[in-house]
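The structure under discussion appears below in the form of structure tokens.
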Amino acid sequence: MYECPNCGGNLKFDIATQQLKCDYCLTQKDPYEITKEKDAEENNLFDVTVFTCPQCGGEILSTDTSIAEFCSFCGASTILTSRIRQEKRPSYIIPFQQTKAACKQAYIAKMRRAIFAPDELKHEKYIDGFRGIYIPYWAYSVSQKGSVHLKGEKTYRKGDYVYTDHYDLSGDIDAGYHDLSYDASSSFSDTISEKIAPFDVKGTKRFTPSFLSGFYADTADVDSRLYRNDVIRLANATSLDAIRKQAEFRDVTITDKKTAPSLSNTLHTVCPSPERTLYPVWFMSYRKGDRVAYATVNGQTGKVAADIPIDIRKYLLGTILLALPVFLLLNFLFTFKPAFTLVLSLLLAVFTLVLYLVEINQICRQDLRTEDRGFQFKQFSNETDSEGKNHGKEKIPPTEFLKYGKGFLGSLIAILLAIWIFIFNPVSDLWYYGGAIASLAGVLSTVMAIIQKYNVLATRKLPQFDRKGGDDRA
Amino acid sequence: MLKRIKKIPLILLLIGCFCFPQTVHAETEDELALDPIVWENPETGYKVFLEDDAQLLSPENRTQLAAEMQQITAYGNVVFKSISYNSYSASFYAGDFYHDTFGQSSGTLFLIDMDNREIYIFSDGAVYKTITTSYANTITDNVYGYASRGDYYGCASNAYQQIHSLLAGRKIAQPMKYINNALLALIFAALINYFLAKLLSANAAKPSSSEILSAISTKFTFSNPRKQKISQDKIYRPLSSSSSSSSSHHSSGSHRSSGSHRSSGGHRSGGGGGHRF
């Protein structure tokens, strides 16, 4: 807590004025003027209160000591245990620019479009649960300076001959890419951080702990080496592309197909250790059963990313309403014979089955967090290299698909029944109508299963961070 | 008064049948069945043509059916044809028979093809504008059950009644069409709605490299660019003039038209629909 020099009240960071402000006497102070004894910049550490959720083990940090009554990660309403800890001091911070009111407005605007979302997600009480959290990021900088030598060629035709001229291309590069940022928290999913990116790092300020007053912060627990190769690859590709566009080289194709390390040598790419930074995110969790949905708003730009499940009742009502104009359109345009109706039903059943498998694949990936490199790094840090290379794109085993239910059976049975009817080839239309009704039932059951799975996809497993103090039975 | 006028052709037909009893008695019953009934509407010039080669109708049914068919002659020719052998499809036979009998004149034909176990309605000219392929399918869907039960008169009679209703501007029941379309509409709506729900719930896409780069501080200078030619390859590769022409000759070979059958080609009009029984 930062005491008001005027009245002793709690000074909190005020987004509108970008100053520390006392709630009681309205005194305003520059954040850099208010420091605690241990906040001194020469000290690499600063004191924070670490709140740990007894259910999921998620940790959030605060400079306040007031009790935190719910966990942002798993949505549990519980008193979080707290202790004082010394944390490594970030170098920079982007203070919150979007007020909570602006964040709520941005979220409401997004939810206005989401007409199939459950009403609870639009409820004022729920929306009021947004919590300002500073998320740790690694900010990488890359520099490239020196003489560059590349190979190039130009191909052209003269008569019956094709000529290829080979060139040596050279020049002096002086390039820099500063503060390329990657999420440094394993508890903050990469899928969320990517969607609310980018942060405009031109708004970065030197860190001082008082910026955190009134907000929380997540802990940085992902190794800084994890994203280094991504950063170097991006910088190399960008520079190479810029070299290609040089007026002198426009008629030449650069033929260097160098691997990342040798291209880095060619371009003299240097990527020192990244800086610790904190970026502002408004964060809210919606817990339903054993799943949790997150809504996040970029605290600087106001960009929203939210897990939005589909309300089954709204979906069914929408389907019936949509079926009416489709029915009228079909009546106006077509008269299908029963056999053709069955063929169409069969094709739709096949399409639905494929859709189901695609969705299940995504759900598996999300649930296993195979593409969340920060998470994978934490989970498998003993089994993989520092870049988390072994985890991310591997195939999902078929047994995993079956674990996610048997919603595909409806469409599969419909397909088999339709094929059987075509082989049997009865005269009576009733068979075809029966087959089409069975296909409809199969397709609808599979679509319902897809929506249930989509709702699983739109939410997340309750997190288990396996940190000291985490216990989902608590 | 109008009803009386409508009944005149029926009376004329019955008179015609009874006026020449000696010719009927002179033939066997089988031969009687093979005789086509032909009647011409004096007002429109359109004809009734009933030929029951498959002998599916009793003499009474034939007379009664011919009388029912007459009302359609206000709009075009009307044909009933049953066959017990057909080496072609029912649709082809129906079109071919109609054109052989009435040329391109407006009219409709109801065929019972016992060989293919199929009923088929073919129409041409002005009648085809009303009795379209989709209506032909609807009518045959509505009446094929009679043929399945062996009630060929009921099948044809109902078909002609529905044809007449449509030609007279009335509606016919299309329960099967509505059932079909309701089923399909529900399936389509379920899928479309799913994609709509996903679209409306979707988040913004992951930012591109250029968006990421625009949010950070970058600098790039490339000074003293030099390009020095070091070698040259020369490969003999003459331009080929024949490579692209081979594919263009494909289409000039055998053109198959689904409309050209045993007739001498030419334009074939009309159309229809049918149903197995």
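The table for this structure:
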quantity	calculated
Single residue of segment A:199-218 satisfying the filter (open to solvent by less than 10 Å² (accessible area, probe 1.4 Å), among the hydroxyl-bearing types (S, T, Y) and assigned to a loop (DSSP other than H, G, I, E, B)) that is nearest to the other protein chains (Cβ to nearest Cβ)	A:T208
Residue match in segment A:60-80 (condition: at pLDDT 80 or above and at negative phi)	yes
Selected residue (criterion: farthest from the other protein chains (Cβ to nearest Cβ)) from residues of segment A:100-119 that are part of a loop (DSSP other than H, G, I, E, B) and open to solvent by less than 50 Å² (accessible area, probe 1.4 Å)	A:P118
Within segment A:310-327, tally of residues that are at the interface with chain B (Cβ under 8 Å from one of its Cβ atoms) and closer than 16 Å to A:V456 by Cα	2
Residues of segment B:101-116 satisfying the condition of being free of Cβ contacts under 8 Å to residues at least 60 places away in the same chain, in contact with a Ser or Thr (Cβ under 7 Å, 6 or more places away or on another chain) and open to solvent by 10 Å² or more (accessible area, probe 1.4 Å)	B:D115
Flag if A:V142 is of a type outside the set (G, A, S) and more than 8 Å from chain B (Cβ to nearest Cβ)	yes
Segment A:256-306 - residue that is among the charged types (D, E, K, R) and outside any strand (DSSP E or B) and, of those, least open to solvent (accessible area, probe 1.4 Å)	A:D256
Residue tally, condition free of Cβ contacts under 8 Å to residues at least 24 places away in the same chain, within 8 Å of chain B (Cβ to nearest Cβ) and within 21 Å of B:K229 (Cβ to Cβ), over segment A:158-198	8
Residue within segment A:322-334 that is under 30 Å from A:F130 (Cα atoms), part of a helix (DSSP H, G or I) and not hydrophobic (A, V, I, L, M, F, W, C) present	no
Looking only at segment A:224-241, and only at residues there that are open to solvent by 40 Å² or more (accessible area, probe 1.4 Å) and not small (G, A, S), the one that is farthest from A:T52 (Cα to Cα)	A:D241
Any pair with Cβ under 8 angstrom, 6 or more apart, that starts in segment B:64-76 at a residue that is among the charged types (D, E, K, R) and ends at one that is assigned to a helix (DSSP H, G or I)	B:E68/B:S157; B:E68/B:Y160; B:E68/B:Q161
Selection from segment B:37-68 of residues that are in a loop (DSSP other than H, G, I, E, B), open to solvent by 40 Å² or more (accessible area, probe 1.4 Å) and closer than 19 Å to B:F122 by Cα	B:Y46, B:D53
Matching residues, segment B:181-214, being in contact with a helix residue (DSSP H, G or I) (Cβ under 9 Å, 6 or more places away or on another chain), open to solvent by less than 60 Å² (accessible area, probe 1.4 Å) and either part of a loop (DSSP other than H, G, I, E, B) or closer than 30 Å to B:Y128 by Cα (or both)	B:N181, B:A182, B:L183, B:L184, B:A185, B:N203, B:A204, B:P207
Pair list, Cβ < 6 Å and 6+ apart or interchain, from segment A:128-151 residues that are assigned to a loop (DSSP other than H, G, I, E, B) to residues that are surrounded by 19 or more Cβ atoms within 10 Å (Cβ to Cβ)	A:G129/A:M284; A:F130/A:C103; A:F130/A:W282; A:F130/A:M284
Residue in segment A:242-255 that is farthest from B:K227 (Cα to Cα), counting only those that are assigned to a helix (DSSP H, G or I) and open to solvent by 20 Å² or more (accessible area, probe 1.4 Å)	A:A242
Sole exception among (1) surrounded by fewer than 20 Cβ atoms within 10 Å (Cβ to Cβ); (2) within 30 Å of B:K227 (Cβ to Cβ); (3) not hydroxyl-bearing (S, T, Y) for A:K122, by number	(2)
Meets criteria (open to solvent by 40 Å² or more (accessible area, probe 1.4 Å) and in a helix (DSSP H, G or I)) for B:Y128	yes
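For (1) of a type outside the set (K, R); (2) at pLDDT below 75, each residue gets a yes or a no:
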{"position": "A:R369", "(1), (2)": "no, yes"}
{"position": "A:K378", "(1), (2)": "no, yes"}
{"position": "A:E383", "(1), (2)": "yes, yes"}
{"position": "A:N425", "(1), (2)": "yes, no"}
{"position": "A:Y433", "(1), (2)": "yes, no"}
{"position": "A:A436", "(1), (2)": "yes, no"}
{"position": "A:S439", "(1), (2)": "yes, no"}
{"position": "A:F465", "(1), (2)": "yes, yes"}
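Every residue, every condition in (1) in a helix (DSSP H, G or I); (2) at the interface with another protein chain (Cβ under 10 Å from one of its Cβ atoms); (3) at pLDDT 90 or above; (4) open to solvent by 80 Å² or more (accessible area, probe 1.4 Å), yes or no:
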position: B:S165; (1), (2), (3), (4): yes, no, yes, no
position: B:K171; (1), (2), (3), (4): no, no, no, yes
position: B:I179; (1), (2), (3), (4): yes, yes, no, no
position: B:F220; (1), (2), (3), (4): no, yes, yes, no
position: B:S241; (1), (2), (3), (4): no, no, no, yes
position: B:S245; (1), (2), (3), (4): no, no, no, no
position: B:H250; (1), (2), (3), (4): yes, no, no, yes
position: B:R256; (1), (2), (3), (4): no, no, no, yes
position: B:S260; (1), (2), (3), (4): no, no, no, no
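The values are calculated or read from the model by the stated rules, or taken from the named source; none is laboratory data. All values derive from a computational prediction rather than experimental measurement. Because the Cβ atoms are built from the backbone with ideal geometry, glycine has one as well, and the counts that use them run over all protein chains shown. Accessible surface areas use protein heavy atoms only, side chains included; no ligands, DNA or RNA. Shrake-Rupley method; radii C 1.70, N 1.55, O 1.52, S 1.80 Å.
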